[in-house]
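Each value in this text was obtained by applying a stated rule to the coordinates, not by laboratory testing. This structure is a prediction, so every number in the text was calculated from the model and none was measured. All Cβ positions, glycine included, derive from the backbone under ideal geometry; neighbour counts span all protein chains shown.
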Amino acid sequence: MVKELEDTPHDEVGVLLDADGRSVVGESFDLQVRAAGSILRAQAMRNRRAVLTISSSPPESCQVASYDGEWRLALELLAAAEPTGTEPLTRLLDREGSPAAHAHELVAVTASLGVELTDALLERALARRPTSLVFVEAASFRPEGAPPAREPLLLRLQMAGVPVAVLRRGDDLAAKLGGLEEALTVHG
């Protein structure tokens, strides 16, 4: 007797864009959007199933299976994204039915890294679920600029093996996300 089991297809990569307006400084949210779009586009070009979830109020999601198809819908969603979110990303990760939370791999894009989010990302990583973080240092968008911050929570994630890309005003997006893309390719 042979028993066939069919698993529901899950998205390979979940890109979770933090749209919490409280952490936005100047054009920092635009950099978050561009980073999320760059990661999603790279996955679409590889024909890897992905889902984009934006934590706006209300949250919005879009699945992408190929560059030829759903990519345009995701691009439109990103173009219209506004920092209107009021819930922390951890609520989206914990919410039942959250598309990004159920993806095999997760890339969180945020300018606000707190203990709760760090713990949630570490929990995923310790459960051997590939997890990455793109952290946009919003303080660098202040008119007077800001020296690079030393963020102990970023170090905690890196020490646990979570790939982290830190983006500042004026950074070359492709160069900064290159290492993160390599990590996603290894897991994919």
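Computed from label points 7 Å out along Cα-Cβ, the spacing between H102 and V115 is 3.2 nm.
Across the range 17-28, coupling constants 3J(HN,Hα) worked out from phi with the 6.51/-1.76/1.60 Karplus curve, θ = phi - 60°, read 9, 6, 10, 6, x, 5, 9, 7, 10, x, 9, 4 Hz, and Gly and Pro carry x. For the listed peptides 37-47, 51-61, a ranking on the average number of other beta carbons within 10 Å per residue, highest first, reads 51-61, 37-47. Under the classification rounded if a/c is under 1.5, otherwise prolate if a/b is larger than b/c and oblate if not, where does the range 70-145 fall, given a ≥ b ≥ c as square roots of the Cα gyration tensor eigenvalues? In terms of gyration-tensor shape, oblate.
Gain on full extension, evaluated as 0.36 nm per residue between Q63 and K176 minus their Cα-Cα distance, stands at 38.2 nm. Contact order for the chain, expressed relative to its length and based on alpha carbon pairs under 8 Å spaced 6+ residues apart, stands at 24 percent.
Nearest 500 deg cm²/dmol is fine: what mean residue ellipticity at 222 nm does the chain get from its DSSP H runs of n ≥ 4 alone, each adding -39,500 (n - 2.57), divided by its residue count? Spell out each step's value before the answer.
Details: 6 runs with 69 residues, N = 188.
Calculated mean residue ellipticity at 222 nm is -11500 deg cm²/dmol.
Between the amide H of S132 and those of L106, V107, A108, distances stay under 5 Å, these residues lying 5 or more places away or on another chain, with hydrogens modeled in the peptide plane.
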